[in-house]
């Protein structure tokens, strides 16, 4: 429709003056119909056999998942098509979520930071391939696995190949002592994390690292002699018109702007409403779904060579896989690029990134070749469930190639063998999952370190040894496969394998 309007504009203003109002009204009605179709067709990621697919309304699923609110922005043909808030800013509030409601954007802070750093390089203010040591004045990076031939640089900090300690940050309650970014990086009180170190040779592997972004933050503030929130405001947020976004430690209240309070998966509000993150580049962005949609659109414009902020070469460097052979799985499947995950080919190629801090879950996706995408932000640890259900609805309505869900066949559980699976499974990447007994689904669940609990349903796997005991989490589609070879349980989760801890 937009291409049609552009053609009509080229034919002359007189024609447009007579037909434009009617055409605009038709387009508006079409958008409203598409929005309504999305809102009424939320669906889970899992279908069993030939059973009919159940669809739901947004508010129905918010209540089911105990998620107080969600903000959703739909991008179509390279522009924001519609945005809407649903539910409330807090479980005990009647204040409605709107398109201007602010949430914690969590790890989506990382690609936003990377975009700003690429602008700095573009303007000759830094070299992302140089040793990060040349930009540090307040910190001397301790000797680890880095060498003169394999240095820690801005580039491998941004693309998670620096070798620095993996993982993320839990944040701090309001009123508690808050560490500086230096204290956090060095693991010094009052920081609640261990000191970061270069644990593997830089450039040898991708290992998701919040500490890498904290080191980049320290280097940027050392170099520019400005607080990080001011740097990000001047280098990206203000030029891009992200007027309701901020990297401030605690969101700077503005008239007419409501901040959504974070909630546990049970529906209980987080003490103080939210945690604070001094590690701003890694997890400290406050934003709205519409502001993040602007960021996704601008990244796409840059990728297409149509941005005034970032060159096409810089954007494509950001979106190039770091190690093409490394792949992830399920809804987050794809190859790690510079903070984004990229997947697919041709018009099915997309970039995406999720985020989660205590009480918040959010997600961004974009198909740069078609200009379609979406952003959701929620104020609950259970927010991914309703958010991805809404993405699946959008995928069916707008005919995206992904986010359609999977079909499985249920199987009968052997309770004796299932009991052997209970226990802790430490992964080589530095994280662990625990399999515990629950009353839901088929009696067991994956318990993640951040508190997420995924009850599992037994399904038929393939004939490989590892997949003889296959399960799926119905609300997210996450697949879990076990092996009991020689009586020793092992697990495959997110395409990573671990043995049960003795």
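The values are calculated or read from the model by the stated rules, or taken from the named source; none is laboratory data. Note that the structure is predicted; figures quoted are calculated from it, not measured. Backbone-built Cβ (ideal geometry, glycine too); neighbour counts: all protein chains shown.
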- Message: residue 73 - would you say it is outside the structural domain of residue 300 (by TED's automatic domain parsing) and farther than 22 Å from residue 381 by Cβ?
- Response: no
- Task: Kindly indicate whether any position in the range 385-398 is in contact (Cβ under 8 Å) with a residue 60 or more places away in the chain, touching a strand residue (DSSP E or B) at 6+ places or on another chain (Cβ under 9 Å), surrounded by 14 or more Cβ atoms within 10 Å (Cβ to Cβ) and assigned to a strand (DSSP E or B).
- Result: no
- Message: Restricting to the range 435-464, give me the number of residues that are in a strand (DSSP E or B) and over 21 Å from residue 414 (Cβ atoms).
- Response: 2
- Task: Looking only at the range 174-189, decide whether some residue is over 28 Å from residue 272 (Cβ atoms), in the same structural domain as residue 339 (by TED's automatic domain parsing) and surrounded by 16 or more Cβ atoms within 10 Å (Cβ to Cβ).
- Result: no
- Which residues, counting only those in the range 205-242, are modelled with pLDDT under 95 and either surrounded by fewer than 16 Cβ atoms within 10 Å (Cβ to Cβ) or over 24 Å from residue 138 (Cα atoms) (or both)? 205, 206, 207, 208
- Task: Just give me the residues in the range 111-122 being crowded, with 24+ Cβ neighbours inside 10 Å and either in contact with a strand residue (DSSP E or B) (Cβ under 7 Å, 6 or more places away or on another chain) or farther than 22 Å from residue 352 by Cβ (or both), in sequence order.
- Result: 111, 112
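Here are 223, 214, 201: which of them is closer than 27 Å to residue 427 by Cβ and in contact with a helix residue (DSSP H, G or I) (Cβ under 9 Å, 6 or more places away or on another chain)?
None of the other options fit; the residue is 214.
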- Query: Can you name the helices (runs of 4 or more DSSP H) wholly within the range 148-233 that have at least 3 residues being touching a residue at least 60 places away in the same chain (Cβ under 8 Å) and over 17 Å from residue 107 (Cβ atoms)?
  - Reply: 210-224
- Would you mind stating whether residue 263 is more than 30 Å from residue 125 (Cα to Cα) and modelled with pLDDT of 95 or more? yes
- Message: Suppose the filter is modelled with pLDDT of 90 or more and either more than 24 Å from the chain's Cα centre (by Cα) or buried (at least 16 other Cβ atoms within 10 Å of the Cβ) (or both); does residue 443 pass it?
- Response: yes
- Evaluate the following for residue 424: is it outside the structural domain of residue 298 (by TED's automatic domain parsing), at pLDDT 90 or above and either more than 28 Å from residue 268 (Cβ to Cβ) or out of contact with any helix residue (DSSP H, G or I) (no Cβ under 8 Å at 6 or more places or on another chain) (or both)? yes
- So residue 107, is it within 20 Å of the chain's Cα centre (by Cα) and either surrounded by fewer than 24 Cβ atoms within 10 Å (Cβ to Cβ) or over 20 Å from residue 363 (Cβ atoms) (or both): yes
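State yes or no: is residue 265 over 16 Å from the mean Cα position of the chain (by Cα), in contact (Cβ under 8 Å) with a residue 60 or more places away in the chain, surrounded by fewer than 24 Cβ atoms within 10 Å (Cβ to Cβ) and not in a helix (DSSP H, G or I)? Working first, answer last.
Values: over 16 Å from the mean Cα position of the chain (by Cα): yes; in contact (Cβ under 8 Å) with a residue 60 or more places away in the chain: yes; surrounded by fewer than 24 Cβ atoms within 10 Å (Cβ to Cβ): yes; not in a helix (DSSP H, G or I): yes.
Judged against the criteria, residue 265 is a match.
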- Scan the range 472-489 for residues that are touching a helix residue (DSSP H, G or I) at 6+ places or on another chain (Cβ under 8 Å) and farther than 11 Å from residue 457 by Cα and jot them down. 476, 481, 482, 483, 484, 485, 487, 489
- Examine the range 288-304 for a residue that is surrounded by fewer than 23 Cβ atoms within 10 Å (Cβ to Cβ), in a loop (DSSP other than H, G, I, E, B) and at pLDDT 95 or above, and state whether such a residue exists. yes
- Query: Mind checking which residues of the range 482-502 are within 29 Å of the chain's Cα centre (by Cα) and in a loop (DSSP other than H, G, I, E, B)?
  - Reply: 494, 495, 500
- If a residue has to be crowded, with 21+ Cβ neighbours inside 10 Å and either at positive phi or assigned to a strand (DSSP E or B) (or both) to count, how many in the range 54-75 make the cut? 7
- Considering only the range 463-476, how many residues are surrounded by fewer than 19 Cβ atoms within 10 Å (Cβ to Cβ) and either within 24 Å of residue 56 (Cα to Cα) or modelled with pLDDT of 90 or more (or both)? 1
